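Here the structure is laid out as structure tokens; the discussion comes afterwards.
The values are calculated or read from the model by the stated rules, or taken from the named source; none is laboratory data. This structure is a prediction, so every number in the text was calculated from the model and none was measured. Please note: Cβ atoms are built from the backbone with ideal geometry, for glycine as well, and neighbour counts cover all protein chains shown.
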Amino acid sequence: MLLQGAVKADINQEYPLADAVKAHQDLEGRRTTGATVLLP
């Protein structure tokens, strides 16, 4: 659905999977807004 454009998602942060700890720290520390995605 995302690829077809039927659903829109605002992704504000992207973290490599290797930085999952940093992503969690930022989420817990409320340093993110909107959607956060971990990338393989």
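For the range 1-30, a residue qualifies if it is part of a loop (DSSP other than H, G, I, E, B) and under 12 Å from the mean Cα position of the chain (by Cα), and the qualifying residues are A9, D10. Scan the range 10-23 for residues that are surrounded by fewer than 10 Cβ atoms within 10 Å (Cβ to Cβ) and basic (K, R) and the total you get is 0.
Conditions (1) surrounded by 11 or more Cβ atoms within 10 Å (Cβ to Cβ); (2) at pLDDT 95 or above; (3) not acidic (D, E), marked per residue:
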| site | (1), (2), (3) |
| --- | --- |
| M1 | no, no, yes |
| K8 | no, no, yes |
| Q25 | yes, yes, yes |
| A35 | yes, no, yes |
| L38 | yes, yes, yes |
